[in-house]
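Visitor: Encoded as structure tokens, here's the structure I'll be asking about.
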Protein chains: 2
Amino acid sequence: MTKVQLYDTTLRDGMQGQGMSLSAAEKVRVVQALDRLGIHFIEAGFPSSNPKEEELFALLEGVSLENARVCAFGMTRRRGVAADEDDALRTLVGSFAPVVTLVGKTWALHLEKVTKVSPDENLAMIVDSVNYCRAAAKDVVYDAEHFFDAWADDPGYALECLRAAAAAGAFNVTLCDTNGATLPAQVEAATQAVVADLSASHPRIQVGIHTHNDAECGVANALAAVGAGARMVQGTVNGYGERCGNANLISILPALELKLGYDVVGPERMRLLTETSHFVDELSNLAPDPDQAYVGRNAFAHKGGMHVAGIQADARTFEHLTPESVGNSRDVLISELSGRGSVLQRAERAGVELDADAAKRAVERVKEREHRGYHYEAADASFELLLRREAGQYSSLFRLESFRVITEKRADGQVETEATIKIWVEGRRHVRTAEGNGPVNALDKALRSAIMDLNPHLVDIELTDYKVRILDSHDGTGAVTRVLLDSSDGHDSWGSIGVSQNIIEASWEALVDSLEYAFQPREARVGN
Amino acid sequence: MTKVQLYDTTLRDGMQGQGMSLSAAEKVRVVQALDRLGIHFIEAGFPSSNPKEEELFALLEGVSLENARVCAFGMTRRRGVAADEDDALRTLVGSFAPVVTLVGKTWALHLEKVTKVSPDENLAMIVDSVNYCRAAAKDVVYDAEHFFDAWADDPGYALECLRAAAAAGAFNVTLCDTNGATLPAQVEAATQAVVADLSASHPRIQVGIHTHNDAECGVANALAAVGAGARMVQGTVNGYGERCGNANLISILPALELKLGYDVVGPERMRLLTETSHFVDELSNLAPDPDQAYVGRNAFAHKGGMHVAGIQADARTFEHLTPESVGNSRDVLISELSGRGSVLQRAERAGVELDADAAKRAVERVKEREHRGYHYEAADASFELLLRREAGQYSSLFRLESFRVITEKRADGQVETEATIKIWVEGRRHVRTAEGNGPVNALDKALRSAIMDLNPHLVDIELTDYKVRILDSHDGTGAVTRVLLDSSDGHDSWGSIGVSQNIIEASWEALVDSLEYAFQPREARVGN
């Protein structure tokens, strides 16, 4: 089987994405997760004198990795400076990282407009820099920036840059579609030509591919290059990166390993794919994309009776590969949960034991509530509470007596909101009033102030999203409001739902479900 | 230039996405937006006896479209039933839609495990169904479900199904990668073979492509098929669809038109791309993906001084195409509406005359409000009011002194809401209190009761939808609530927006805009 290697640049190019930020310690955890997944090269960044990067390289030096080699990233030497006098290059060769990745120019437009360097001097910069790193016994990757634009512009010069790097001893030259301009057919043609040219003069050279997602073709471009002979793919976890992101390794890996038959990380490690993707999302404080290829919560979700029946007859009828092969699981959507089997399956996943009667009641309850406008697809917490109530495994945080919310826009234009709630907790009555920047916020604050003493962990729970939608009523008695609330305790996240003609009442219901869900007795909470 | 046609299935396959739901009136607005963009075919769904679908087809029959043809979607006839006795087929040919799209089987595994139909009977089902629709003078698209799996399994039979449809008079056979299993190289090879085979026997047949994003290759698969001779591409706006979504037309269109040189909608219409993408997102209550290819807020965002300097020297250094060509813009904070050209264009469409100063002020106002979380793509009414205020062509219905809304959940479980407003109309003060089934409803009723006498047409105006989303604040001072309100007078419909930390205040703002919009002096209201 042909081997293809993966090169992860989540910690460098991925961090260019808007709002991305990881501490040095978090980056080490990413490195360890990627190593477990079997990634071959992990680019840690530039080992500069910046304290955060310095700390990262110091930490990484002490970490033993099973599969991955750490790469330090930098640029070819500056114009008019000898390689061994270029501070950045000296820092690179001084780092513990066994691999140095050097990015350099290949496109005349950039030489002319950006770096103002002649084509010949650019070649000398490449050769000198690779030589210098090789002399320090580093393995060198040459990243040919803007390669595909350069190729379209002047393929002869673009090739010369690659040949220069190869001749100076780089083990890999990587073709970068830096601006994301290129489409798969063009990537394929250029890569084929490069592989043919270089393999004649440097039979052991490895060609790599580095693509971006500006045309929503980042993954396909990487696959096209591999089809044309590239044997190393650069990308990031979940496609993080500036603009529209980098090529997504989480999608490239299963295509290469499971669909195209390359030897990349082996089928066993593939089962870590979903977990790795979600882990890095969580560390980055990003909600996993439910629709993400292979690893998303919806990637193997089935609606509609025909699909479910087909899957039961033969999973291949409606699934392009088995969810288990990438560590994902099949999801039967709750909106189609008229079936008892599906309720039992969900209950098992939530750790709720349902006997036959309770399952039957739960099915009836779901039907009746869906008819009233409930929708449990994004409200796993409310669904679990429904199951718990039917199973007798539900414990309530409090009993509501009444609440009142007042919002006032005063003559001076100021808006004020205050909520008063009256509740009973363990036989005692609590009356609390709180102001908020809106009615839900005021209710949330008043409720928390009443129950916080008994439930100090409440402080960790945050409402992360709130969505409202008006539904056509099923029975014509007026519009119904559906509120979806997302909450998180920093580790898990869950969704709850409320439905009422009154938005405040619907919000209250979702709010109470969200908090009660977090306090149900359970061994270990099973996420969705 | 070679022509390629686009076929949008947002309203059918797109609605299979989790949580997707649009009313019939909203679907009509999507159809109109897609028609303006130049989409050639718009699949509206199955014109069943389901009241919502019936309403949609009834509404669409009355809409005149410039570019698009409406397609009604259904299946080949049932097993053992004559085509003219199949209720679903009769409904299809009875619909006003000039195009009928029939989906049918091509894969033995499905015939065996799902439909339990013999290969020969399946061919008869295809032929009979196409014949029946042709006899009713419908143009027919044949959607070959699971085509690429069928091709891998038994290419001979897969081709037979296509030939049968073509021979019976379908003008198009579309190759569907229903499970999303297929990668670009396989799509290309199969499509090439199909085009070669069919064009010999049916020289006028058009081959289409319908792909999904399960391998994150939905867009690339569509492009690969076009490269191999397909001349129609099916997909959805923003890639909506079940599991990982359908092929994203918003990415396919610019690749075909601007990168590959096909004649699709023409360069002028391309400038509507970003606006159309965001409009459909907003209508669907989805936040536009900031990293989306071509149309995302970050798609042309530049970090780092080198990029900005490079862009200033020559935009090609760091941009794969000009943001203007797809109606996007380079500046992160400035959306497509805030350019002066776009403001003037919008004003003209709304019949508002803006002089140079007023246009400049309007641009500033839009920028400032977008910074605060406003978003005018689905709020045409609020945008027109903003333009009118700057143009001095605005007349106010009333002046607010204050309001107060109280929502109470009583000890007996009953929820009550009452609103009191104090307003001035033509020098007179009005104080009104009304109960409602929620705070917005109560405010609406109180306001209407105060101004109804002077504006009797208010009775015709209905709030048809209400959407709420929580936004991250731009300046860290807390979450901001954005309310979008859709209204209708039975003839036109329009959208308004309110933004505030307080949901009641935001709703009030959107409510007032919605009513005031309806009463602006104008010759003829121009919809969005």
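Visitor: Would you point out which residue out of A:469, A:448 is of a type in the set (Lys, Arg) and at pLDDT below 85?
Guide: Result: A:469 is the single residue among A:469, A:448 that is of a type in the set (Lys, Arg) and at pLDDT below 85.
Visitor: How about region B:162-201: which of its residues are of a type outside the set (Ser, Thr, Tyr) and modelled with pLDDT under 95?
Guide: B:179, B:180, B:181, B:200, listed by residue number.
Visitor: Further question: So which of A:239, A:245 is within 17 Å of residue A:210 (Cα to Cα), at the interface with chain B (Cβ under 9 Å from one of its Cβ atoms), touching a residue at least 40 places away in the same chain (Cβ under 8 Å) and buried (at least 19 other Cβ atoms within 10 Å of the Cβ)?
Guide: Result of the check over A:239, A:245: A:245.
Visitor: Which ones in region B:312-329 are part of a loop (DSSP other than H, G, I, E, B) and facing chain A (nearest Cβ under 9 Å)?
Guide: B:314, B:318, B:319, B:320, B:321
Visitor: A further question on this structure: With the condition kept exactly as written, say whether any residue in region B:156-171 is surrounded by fewer than 23 Cβ atoms within 10 Å (Cβ to Cβ) and within 20 Å of residue B:9 (Cβ to Cβ).
Guide: yes
Visitor: Quick one: would you say residue A:9 is more than 14 Å from every other protein chain (Cβ to nearest Cβ), surrounded by fewer than 20 Cβ atoms within 10 Å (Cβ to Cβ) and within 29 Å of residue A:229 (Cα to Cα)?
Guide: Against the criterion (more than 14 Å from every other protein chain (Cβ to nearest Cβ), surrounded by fewer than 20 Cβ atoms within 10 Å (Cβ to Cβ) and within 29 Å of residue A:229 (Cα to Cα)), residue A:9 does not qualify.
Visitor: Right, another one. So how many residues does region A:175-194 have that are under 24 Å from residue B:311 (Cα atoms) and away from chain B (no Cβ under 14 Å)?
Guide: 1
Visitor: For the list (1) part of a loop (DSSP other than H, G, I, E, B); (2) under 22 Å from residue B:440 (Cα atoms); (3) of a type outside the set (Ser, Thr, Tyr), I need the number of the one condition that residue A:397 fails.
Guide: Result: residue A:397 fails condition (2) only.
Visitor: Those residues that are modelled with pLDDT of 85 or more, surrounded by 20 or more Cβ atoms within 10 Å (Cβ to Cβ) and within 22 Å of residue A:499 (Cα to Cα), I need them from region A:345-367; list them, please.
Guide: If the condition is that a residue be modelled with pLDDT of 85 or more, surrounded by 20 or more Cβ atoms within 10 Å (Cβ to Cβ) and within 22 Å of residue A:499 (Cα to Cα), then A:362 is the only one that fits.
Visitor: Sort through B:97, B:124, B:144 and tell me the only one that's more than 29 Å from the chain's Cα centre (by Cα) and not aromatic (Phe, Trp, Tyr).
Guide: B:124
Visitor: Is it the case, given these coordinates, that residue B:481 is at pLDDT below 85 and under 24 Å from residue A:468 (Cβ atoms)?
Guide: The answer is no for residue B:481.
Visitor: Does residue A:155 satisfy the criteria of being away from chain B (no Cβ under 14 Å) and more than 23 Å from residue A:81 (Cα to Cα)?
Guide: yes
Visitor: For residue B:93, state whether it is β-branched (Val, Ile, Thr) and surrounded by 15 or more Cβ atoms within 10 Å (Cβ to Cβ).
Guide: When the stated conditions are applied, residue B:93 passes them.
Visitor: So which pairs qualify, if the first residue must be in region A:277-296 and more than 11 Å from chain B (Cβ to nearest Cβ), the second must be hydroxyl-bearing (Ser, Thr, Tyr) and buried (at least 22 other Cβ atoms within 10 Å of the Cβ), the Cβ gap must be under 6 Å, and the two must be at least 6 apart or on different chains?
Guide: none
Visitor: Separate question: Please go through region B:430-471 and give me each residue that is assigned to a helix (DSSP H, G or I), over 13 Å from residue B:420 (Cα atoms) and in contact (Cβ under 8 Å) with a residue 24 or more places away in the chain, ordered by number.
Guide: Hits for region B:430-471 are B:451, B:457, B:458, B:460.
Visitor: Quick check: anything in region A:381-391 within 14 Å of chain B (Cβ to nearest Cβ) and outside any loop (DSSP other than H, G, I, E, B)?
Guide: So far as region A:381-391 goes, no, none of its residues is within 14 Å of chain B (Cβ to nearest Cβ) and outside any loop (DSSP other than H, G, I, E, B).
Visitor: Among residues belonging to region A:323-344 that are at pLDDT below 75 and surrounded by 15 or more Cβ atoms within 10 Å (Cβ to Cβ), point out the one that is nearest to the chain's Cα centre (by Cα).
Guide: Ranking the qualifying residues of region A:323-344, first place goes to A:331.
Visitor: Could you check region B:1-106 for strands (runs of 3 or more DSSP E) lying wholly inside it with 1 or more residues that are of a type in the set (D, E, K, R) and modelled with pLDDT of 95 or more?
Guide: By residue number, B:5-8, B:41-45, B:69-75.
Visitor: So, in region B:107-134, of the ones that are among the polar types (S, T, N, Q) and assigned to a helix (DSSP H, G or I), which residue ends up farthest from residue B:164 (Cα to Cα)?
Guide: B:115
Visitor: Could you list all residues from region B:382-408 that are among the small types (Gly, Ala, Ser) and either touching a Ser or Thr at 6+ places or on another chain (Cβ under 8 Å) or surrounded by 23 or more Cβ atoms within 10 Å (Cβ to Cβ) (or both)?
Guide: B:382
Visitor: Kindly establish whether residue A:27 is in contact with a helix residue (DSSP H, G or I) (Cβ under 9 Å, 6 or more places away or on another chain), among the charged types (D, E, K, R) and buried (at least 22 other Cβ atoms within 10 Å of the Cβ).
Guide: yes
Visitor: Taking residue B:458 as meeting all but one of (1) within 14 Å of chain A (Cβ to nearest Cβ); (2) out of contact with any Phe, Trp or Tyr (no Cβ under 7 Å at 6 or more places or on another chain), write down the number of the exception.
Guide: Result: residue B:458 passes all but (1).
Condition check ((1) within 12 Å of another protein chain (Cβ to nearest Cβ); (2) in contact with an Asp or Glu (Cβ under 9 Å, 6 or more places away or on another chain); (3) farther than 24 Å from residue A:37 by Cβ; (4) surrounded by 24 or more Cβ atoms within 10 Å (Cβ to Cβ)) across all residues:
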residue	(1), (2), (3), (4)
A:203	no, no, yes, no
A:212	yes, yes, no, yes
A:227	yes, yes, no, no
A:249	yes, yes, no, yes
A:253	yes, no, no, yes
A:261	yes, no, no, no
A:268	no, no, no, no
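Visitor: Then there is this: Mind listing whichever residues of region A:403-418 are within 17 Å of residue B:500 (Cβ to Cβ) and assigned to a strand (DSSP E or B)?
Guide: If the condition is that a residue be within 17 Å of residue B:500 (Cβ to Cβ) and assigned to a strand (DSSP E or B), then A:405, A:406, A:407, A:408, A:409, A:415, A:416, A:417, A:418 are the ones that fit.
Visitor: Within region A:96-113, work out how many residues are closer than 21 Å to residue A:150 by Cα and surrounded by fewer than 20 Cβ atoms within 10 Å (Cβ to Cβ).
Guide: Total meeting the criteria: 6.
Visitor: Quick one: count up the residues across region B:409-463 that are touching a Leu at 6+ places or on another chain (Cβ under 8 Å), surrounded by fewer than 16 Cβ atoms within 10 Å (Cβ to Cβ) and within 27 Å of residue B:25 (Cβ to Cβ).
Guide: 1
Visitor: Still on this structure: Go through region B:141-155 residue by residue and tally those that are crowded, with 22+ Cβ neighbours inside 10 Å and under 16 Å from residue B:181 (Cβ atoms).
Guide: 8
Visitor: For region A:368-376, does any single residue satisfy the condition of being in a strand (DSSP E or B) and either within 14 Å of chain B (Cβ to nearest Cβ) or at pLDDT 85 or above (or both)?
Guide: No, because not a single residue in region A:368-376 is in a strand (DSSP E or B) and either within 14 Å of chain B (Cβ to nearest Cβ) or at pLDDT 85 or above (or both).
The values are calculated or read from the model by the stated rules, or taken from the named source; none is laboratory data. The model shown is predicted, which means the values in this text are computed figures rather than measured ones. A quick note on method: Cβ atoms are made from the backbone with ideal geometry, for glycine too, and the neighbour counts reach across all protein chains shown.
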